[in-house]
1. Measuring from centroid to centroid over Cα atoms, what is the spacing of the stretch B:41-70 and the stretch A:1-41 in Å?
2. Roughly what angle does helix B:43-62 make with the longest principal axis of chain B, taking Cα atoms, 0 to 90 degrees, to the nearest 10?
3. Once the Cβ-Cβ distance between B:Leu244 and A:Ile264 is put in as r, and R0 is 30 Å, what FRET efficiency do you end up with, to the nearest 0.05?
4. Once both labels are modelled 7 Å past Cα along the beta-carbon direction, what's the B:Asn189-A:Phe236 spacing in nm?
5. Testing the spin-label approximation: label points 7 Å from Cα along Cα→Cβ at A:Ala6 and B:Asp380. State their distance in nm.
6. Output the antiparallel fraction of DSSP beta bridges having both residues in the protein assembly as shown, as a percent to the nearest 5.
7. Given a Förster radius of 35 Å and the C-beta distance between B:Asp121 and B:Thr75 as r, what FRET efficiency does 1/(1 + (r/R0)^6) yield to the nearest 0.05?
8. Between helix B:173-188 and chain B, what is the angle of the helix's C-alpha long axis to the longest principal axis, kept within 0 to 90° and rounded to the nearest 10?
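Taken together, the values in this text are just the output of simple stated rules run on the coordinates, not laboratory data. Please read all numbers here as calculations on a predicted model, not as lab measurements. In this analysis, Cβ positions are derived from the backbone assuming ideal geometry, glycine residues included, and neighbour counts consider all displayed protein chains.
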Amino acid sequence: MEFLYAIFSFLYQFGDAFAFLVLSACGLAVIFGMMGVINLAHGEFILCGAYVSTSVAHMGLPLPVAIAAGSLAAGIAGMIVELVVIRPLYKRPLDTIVATWGISMIVTQGTLIVLGTTMAGSGTPLGSFVVGDYSYSTYRVVLMGMALATLAALWLMFTKTRFGILARATIQVPHVAEALGVNTNLVYSLTFGLGAALAGLAGGLYAPTMTLVPTMGAAFMVEAFVTVVVGGADIFLGTAPAAVVLGLIKATLTSWQGQLAGQIGMLIAVIIVIRILPRGISGKILKERA
Amino acid sequence: MKKNLKSTASVLATLLSVAGGAMAQDAEPIKLGVLEDQSGDFALATIGKVHGIELAVSEINAAGGIAGRPIEMVTYDTQSDNTRYQEFMRRALQRDKVDVVFAGFSSASREAYRPIVNQFDGLAFYNNQYEGGVCDANMIVTGAVPEQQFSTLLPYMMETYGPNVYTIAADYNFGQISAEWVRNIVAENGGEMVGEEFIPLGVSQFSQTIQNIQAAKPDFVVTLLVGTAQSSYYEQAGAANVDLPMASSVNVGQGYEHKRFTAPSLKDMYATVNYVEEIDTPESQAFVERFRAMFPDEPYINQEAENSYAAVYLYKEMVERADGSTELEDVRATLADGTLCYDAPEGEMCIDPKSQHASHTIYLAHVTEDHSIEFPKKWDAIQPYWLGDIGCDLTQEDPSAQYTPSSNPSN
């Protein structure tokens, strides 16, 4: 029995790290992995999702509705940003760094000035359960489920729907797609919006468990970029396996030697992966398949 | 043409003499530099410090200033960034030529700017609780230190809850040195450290840490978490139903976590503070009233806001005792007899001449299940004695060093 408890506790910790990596990285995998826009404002879309969902929850609506509202708000904000700032920069990926960094600073400081230093949280729902010696938060199991559901939904969307096929076609060979009558501007805009909405979803989901402050997006940035860089351009063949590998390393090292070791281990893993697989895990898989 | 020139010159001369006369009437202001984090990870705890200074300055100016001279604030936002502290400290001392600087939240930022204050032989007030040990003639510390916070808090906790202690601390000089203090005091009182973990600044996910704590089965947890990202710990530990009492020298009194998180995630948190707005004395409530009259939207008046407010009055007292001089030697000389005190909202604060740290009234703040605060205990006039005991005497010599329990002149 002791042994089973230990296995459960490890699986829970791994699942927790996995969920955080997947949910922080999904939106960035679409915007950076697929579209090639180096989006340093990723954390601010997360912030947007978190603040909107918490405000909606404070109005008394149920949490799932609040999270959906946060995600939607971030998606709309993403489409506006795409239209105004990103669109002229698709051919200039390095310039997107500066532009999105600027957006990030404006949003962080703007939030501080307009909404103040902090927002009261809505509290983690669902309580806790006990397995063996440890008690666990039930809501974090929901987060693990949401990470898997998000991956599944994205897989269905990009492989089974017309929008998904058009999006992949547009991003791979834009001029051919355009010649075939695809409204590529609309597709770019929707894809960017989707990425931002996914970031907003992460914000909404994690908002009840975190401090709500204007700088909260920064807490997601390292994990998001690391996962996408390790994963490579493909969301399913990249982000998911990358999150498995990094989650495993992080959970193991953190339980063994604490948070610092977990962080160091994760970053060393990234350096090794970039050195051996310059195009990430999905680059390796796709190359072998071809 | 020549005549014109002459008349212009005479007009100029008249103007100048008028201006000169006006100058003599209006005494030259005392320049007070303020370097605090008004944006970034620490802003939440430090914007109130700037407001505390602004409140004191407006009160003092309305009552005629310091020795008849008005105070002029020169404020910079250091953005929770250590390099900004160095940049703005140089600018404040070199270009703005301020008479005194009030600077710093994190200990990392204090250690970043302190050599610059030494280099220009300026005077800086550090109005923040910290890990103790700064023995530097250019610094006056009004925040509380470990002998004031831990040697009161830990024996109480061990008596009430038991001897097994687990520390989680922010991984930089503040957390590391504070954890060393905790270790020593726990050992002196016959307790045992069952675990210790250092958390890098900016970490916000604590699932594994929570499990490590549960595995070690402590009687209570000492939380020395810094910055808004790390304070997510409380919500997550609450959600996982850890249900252990907590003790802290920084939380509640600094980041008002009991106001930000939903009850009961901070239930049975004990913090030793020299001030929080819940303190129910007439002086404290009058202070809260004046503060809120000037800053109605202030979310919380924490101990660092009160330290900063009191520091302006302490500085005023020093300059007035030095007959209006703001020269470092004259101002420091007023500390020598140890009678430089101010009746702060918390109670009397006096500056110890040997260490240039302040004595404090220390309140034990207990967060109840509904997140209200009660004060089961209060210690009057706790002296910052440790630096003096280990051989720091700024009236004799100035080592400009920071000492720790394991590295100081007495060992």
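1. Rounded to whole Å, the Cα centres lie 46 Å apart.
2. In chain B, helix B:43-62 runs at an angle near 40 degrees to the longest axis.
3. So, using R0 = 30 Å, E works out to roughly 0.60.
4. Calculated label separation equals 5.8 nm.
5. Taking the two extended label points, one gets 5.7 nm.
6. On the way: 24 of 58 bridges.
Among the beta bridges of the protein assembly as shown, antiparallel pairing accounts for roughly 40 percent.
7. Values: r = 22 Å, r/R0 = 0.64.
Result of the calculation: an efficiency of 0.95.
8. 50
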